[in-house]
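Participant: First the structure, then my questions, so here it is.
What follows draws every value from the coordinates through simple rules; no lab data is involved. These figures come from a predicted structure and were not determined experimentally. Counting neighbours? That spans all protein chains shown, and the Cβs are built from the backbone with ideal geometry, glycine included.
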Amino acid sequence: MDKKNMNTAAQQPWFRSAARALAILAFIALATGSALAQGLAQSPIDIQAADLTIVDNLPSLYFNYDTNVALTVINTGSPDEFATVRAVVPEGEGKLRVNGVNYNLLQFHWHTPSEHLIEGRSAPLEMHLVHQAADGSGSLLVVAVLLEKGPRHAELEKIFAHLPASAGQSAAVGGFDLTQLLPAGRESFRYTGSLTTPPFTEGVQFVVLADSARVSKDQIEAFMSLFPEGNSREPQPLNGRTVRSDIDPEDEQN
């Protein structure tokens, strides 16, 4: 189409309607984080045995978490699907070393239902422990812990008993033992993904622990009451990425 015909077409109602529709679709894509607006290495994922690369000696996770921490707990915007309740950790009170890199724990937060799936199965909650590299690079590493229904989690009760109920509300929680956030096992699934909330930045290292933690029915319901329609992102395509694990599915079945 030449310039003259293009200018003529642009004056037609159908052209203006089509352009407006495309603009709306582009806005929706950006706002919702659809595949149209995102890259090919997004999180979360559905972790399938068929996709795993088994590694006998994955780099060990060396946690150095403090046991008496003063947290600031913030409701970032419930019931919005991209909001959460975030516990901010003072600098230097939660450390992790893996593969020769030192990380600081910035904050931890929750999603319902779990964002990562294991063989298509979700858990009621998922906790993300967000770490940033201490070398100034800004690199992020997220340790994800699935939370299943079971006995009351005594340490998390310090937060869940008084969850900030409205957007922007905050609460101070003292004497918190960060070591109690971690399950006993250190076996994991590891891959490169993204933030699961806007702007969905890629290059985030994910360590999804295979061993889950337990929280009570009341604790699950307390968090879900803030997000009745959930605040988790749907699983994203793997797109050929490698998921490394030190768990052999065949050993798990024996």
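Participant: Pull up all non-local amide H partners of Val243: gap of 5 or more, or a different chain, and H-to-H distance under 5 Å with H placed in the peptide plane.
Facilitator: Those lying under 5 Å, H to H, from Val243 are Thr53.
Participant: Fully extended, how many nm does the chain gain between Ala171 and Thr192 (0.36 nm per residue separation, minus their Cα-Cα distance)?
Facilitator: Additional length available on full extension: 4.3 nm.
Participant: Could you derive backbone 3J(HN,Hα) for segment 164-173 from the dihedral phi with the Karplus parameters 6.51, -1.76 and 1.60 (θ = phi - 60°), listing whole Hz in sequence and x where the residue is Gly or Pro?
Facilitator: For segment 164-173, the Karplus-derived couplings read x, 8, 9, 4, x, 6, 9, 8, 9, 10 Hz, x marking Gly and Pro.
Participant: In segment 157-254, which GluC sites (Glu not before Pro) fall in coil by DSSP and have 11 or fewer other Cβ atoms within 10 Å?
Facilitator: Sparse-neighbourhood loop GluC sites (Glu not before Pro): Glu229.
Participant: For Ser225, put the label point 7 Å out on the Cα→Cβ axis and report which residues of segment 104-138 keep their amide N under 17 Å from it.
Facilitator: Residues 112 fall inside that zone.
Participant: Rg over Rh of segment 191-240, using C-alpha atoms and the Kirkwood radius, what does it come to?
Facilitator: 1.05
Participant: Taking θ as phi - 60°, what are the ³J(HN,Hα) couplings along segment 225-233 by the Karplus curve (6.51, -1.76, 1.60), each to the nearest whole Hz, with x for Gly and Pro?
Facilitator: So the J values, rounded to whole Hz, are 5, 7, 10, x, 9, x, 9, 10, 8.
Participant: Would you mind checking which residues have amide H under 5 Å from Asp46's amide H? H placed 1.01 Å from N; only 5 or more apart, or other chain.
Facilitator: The answer is Leu117, Gln236.
Participant: Whole-Hz ³J(HN,Hα) for each residue in segment 66-81, computed from phi via Karplus 6.51 cos²θ - 1.76 cosθ + 1.60 with θ = phi - 60°, x for glycine and proline: what do you get?
Facilitator: Running phi through 6.51 cos²θ - 1.76 cosθ + 1.60 with θ = phi - 60° gives 6, 10, 9, 10, 9, 9, 10, 9, 10, 7, 8, x, 4, x, 4, 5 Hz.
Participant: Now, a different point. Cβ under 10 Å from Asp66's Cβ, Asp66 left aside: what net charge do those residues give with Lys, Arg +1 and Asp, Glu -1?
Facilitator: That works out to -1.
Participant: With each pseudo-label sitting 7 Å past Cα toward Cβ, what's the Asp51-Thr201 distance in nm, one decimal?
Facilitator: 2.4 nm
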